[in-house]
Amino acid sequence: MTNYIVRSVLVTALAVAGFIGCAGETESLGSFEQAAAVLPPVTNLQASGVTTTQATLTWDAVPGATLYIILRGTAPGNETTYTTAPPVASFQEDHLTPGSTYSYQVLVVIGNDWSTPSNEVLITTLGAQTLQPPANVVATATSSSRITLSWTPVMNALGYYIYQSDAGGPFNYIGTAPPADSSRSIAGLTSATTYSFYLQSVFIDGISAPSAIVSATTFGTPAGVVEGHWNFDEQMGTIANDISGFNRTGTLTGAVSFVNDKFYIHDSLSALASSGGSVTVPPAPGFDLYTDFTVSLWAKVGAGAAVHFVGVRDAGCGAGWDIAQDGANQLHFRGSSTDVLSFGQSLPADTWTHIAVTSTSGTLQLYLGGVPVASGALAVAPHLANPLQIGNAGGCTQNGAFVVDDVAILSRVMSAGEIATIGTPPPAPTNLVATVVSSTQVDLAWDPVPNADLYIIYRGTGPGTSQFFTTWPGTNPTFDYNHLEPGTQYSWQVRSVRNNLRSNFSNEQVVTTSAPPTAPSNVVAMPGSPTRLNVTWTTVAGATYHYIFVSVNGGAFSYLTTTYATPAFEAAGLTTGSTYSYKIQAITPGGISAESAPSTPVAAP
């Protein structure tokens, strides 16, 4: 009788509260839940998103829950009834005091029954002074058109606002970085220009003060240092735009087109393929290359291909200059038909390689893959009136096909460090390990790549099938994903990105997620009395609880209740003459990600 009275008082109080209330509406519940609890406790209570005045509580959902009761205290063990929450396994707390400690527990109510308290969690809200701006902000120029910002992430920040000033002008908002990011590449900048930046951290409760202002100058010191820069990102059409600022637009003629082959450059949209045609750019003094200069490009050729990548020459392959490759001179820079400086090797077949040539007072330095490989004296005839051609320069014989990307000509000498930055892809991540956590989750981990800006995650369904899946911050060499299919094979690979260049692929990992548990068997429903049935079954190894579903008189099955350690339950209050059918579903550790299929339905005899 005592339990009945206590339950009646609780149910009445919950009804008065409307099952849902603001904080403080149901203190009249007192500690009745302690007096007659009959259900197992709510599990896995956690707190997240703690700010100055807010916190989010989550826990494992209890099937059939009528509502949840939130207990709150100011220290471990002194929780009292605080409020009620609807039958959703989360609660948003938003009336807290900054810099204060709170403890929480949760109970579940199902019908007229309720549970013992859950595990306990403690939080301490943030103080107003914790709305900190990003620290250690650094701006680093990585090319004539890019600057990379990096910073130390701020705990509990929802993201970062980025502001930019051009050449001493006013600061303007240019974008928002997500909370996991610690760097951002700013592209489309003007060469030889100083840019300044600051960041602000964004929180639920407001925005931080600005960070320290940092500045960097894009590559190049004299005006007009980048004479032309063609990144071939048009993807289609017959025009190749010059992004240097001079608008020296090229026109595609002959057997040349844009292709989706852009291996190392991370943000490249397309590249240029030639098998005899060319991109023709009207003449400009900066293309003569008779003073200090740099020519930079990425290229890929087939085996044994003789090609002319870029140059300015008289008709019939006459006077001028070009970068070419043939059997006699291998990869080389040519100033005339007889004045040739070889790189000492040919490009590896079917492999993207960065090529650069610099000149200081007639002395050339040749680079492959960001590394100097040869040098020597060579003069280029000045004041050529011919157009620049990318591919088949000046009608020079071209026997092989090739692909190029990101061609640039500068009227200054880039340093060895600058060329290494734009021409050396980062190393591929190593020691990739994929660990199956459950039937729906796989965790990835790999050795970090120094100074990586980000990682690219690839996923497939078997060896050699991986496709782009997502990107991940370069500060975190781990990735957990928990929305997979049970008992399914997945392949995984990772690339690193640094200075806007992608690495090769990591090693591949192929794993199969765990199969879901088998369905309970041997389900039996036996009469216990005219209004009761005893249902039993053979449980599944490792099952922590079971969902019971019932059908009345052949109707649809619906959730009835949950049992825990014992593979049996008693159905009471049944209607004489009605037919009841039952099926059981087992749950193993891992929650809903480890549900079995329902058992075969069984009807009471």
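The values are calculated or read from the model by the stated rules, or taken from the named source; none is laboratory data. Just so we're clear, the structure is a prediction, and the values are computed from it rather than from any experiment. For neighbour counting, all protein chains shown are included, and Cβ atoms are generated from backbone atoms with ideal geometry for every residue, glycine included.
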(request) Take region 342-364 and flag every residue that is free of Cβ contacts under 8 Å to residues at least 24 places away in the same chain and closer than 23 Å to Asn500 by Cβ. (result) Pro348
(request) Name the one entry in Ser100, Ser90 that is polar (S, T, N, Q), in contact with a strand residue (DSSP E or B) (Cβ under 9 Å, 6 or more places away or on another chain) and over 27 Å from Val62 (Cα atoms). (result) Ser100
(message) Checking the condition in the same structural domain as Ala55 (by TED's automatic domain parsing), free of Cβ contacts under 8 Å to residues at least 60 places away in the same chain, over 30 Å from the mean Cα position of the chain (by Cα) and in a loop (DSSP other than H, G, I, E, B), which residue from Pro170, Pro98, Pro117 passes?
(response) Pro98
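Which is in the same structural domain as Asn156 (by TED's automatic domain parsing), in contact (Cβ under 8 Å) with a residue 24 or more places away in the chain and of a type in the set (S, T, N, Q), of Ser278, Ser208, Ser296?
After ruling out the rest, the residue left standing is Ser208.
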(request) Identify the single condition in (1) of a type in the set (S, T, N, Q); (2) at pLDDT 85 or above; (3) under 13 Å from Ala525 (Cβ atoms); (4) buried (at least 19 other Cβ atoms within 10 Å of the Cβ) that Thr579 does not satisfy, given that it satisfies every other one. (result) (4)
(request) Within region 267-284, track down each residue that is touching a Ser or Thr at 6+ places or on another chain (Cβ under 9 Å) and either hydrophobic (A, V, I, L, M, F, W, C) or modelled with pLDDT under 85 (or both). (result) Asp267, Leu272, Ala273, Val279, Val281
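Being out of contact with any Asp or Glu (no Cβ under 7 Å at 6 or more places or on another chain) and surrounded by 15 or more Cβ atoms within 10 Å (Cβ to Cβ) narrows it down to one residue among Ile213, Ile186; which is it? Please lay out each step first, then the result.
Values: Ile213 fails: surrounded by 15 or more Cβ atoms within 10 Å (Cβ to Cβ).
Ile186 is the lone residue from the list that is out of contact with any Asp or Glu (no Cβ under 7 Å at 6 or more places or on another chain) and surrounded by 15 or more Cβ atoms within 10 Å (Cβ to Cβ).
Could you list all residues from region 477-509 that are loosely packed, with under 15 Cβ neighbours inside 10 Å and polar (S, T, N, Q)?
Narrowing region 477-509 to residues loosely packed, with under 15 Cβ neighbours inside 10 Å: 478, 480, 482-483, 485, 487-489, 504, 507.
Passing the criteria: Thr478, Asn482, Thr488, Gln489, Asn504, Asn507.
Specify which of the listed residues (Gln365, Gln389) is in contact with a Gly (Cβ under 7 Å, 6 or more places away or on another chain), under 18 Å from Trp298 (Cα atoms), in the same structural domain as Ala299 (by TED's automatic domain parsing) and in a strand (DSSP E or B). Before you say what the answer is, go through the steps one by one.
Numbers: Gln365 fails: in contact with a Gly (Cβ under 7 Å, 6 or more places away or on another chain).
Only one candidate qualifies: Gln389.
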(request) Among what's in region 525-556 and is under 41 Å from the mean Cα position of the chain (by Cα) and assigned to a loop (DSSP other than H, G, I, E, B), pick the residue that is surrounded by the fewest Cβ atoms within 10 Å (Cβ to Cβ). (result) Ala541
(request) List the number of the failed condition for Asn507; all other conditions in (1) assigned by TED's automatic domain parsing to the domain that holds Asn482; (2) farther than 30 Å from Gly460 by Cβ hold. (result) (2)
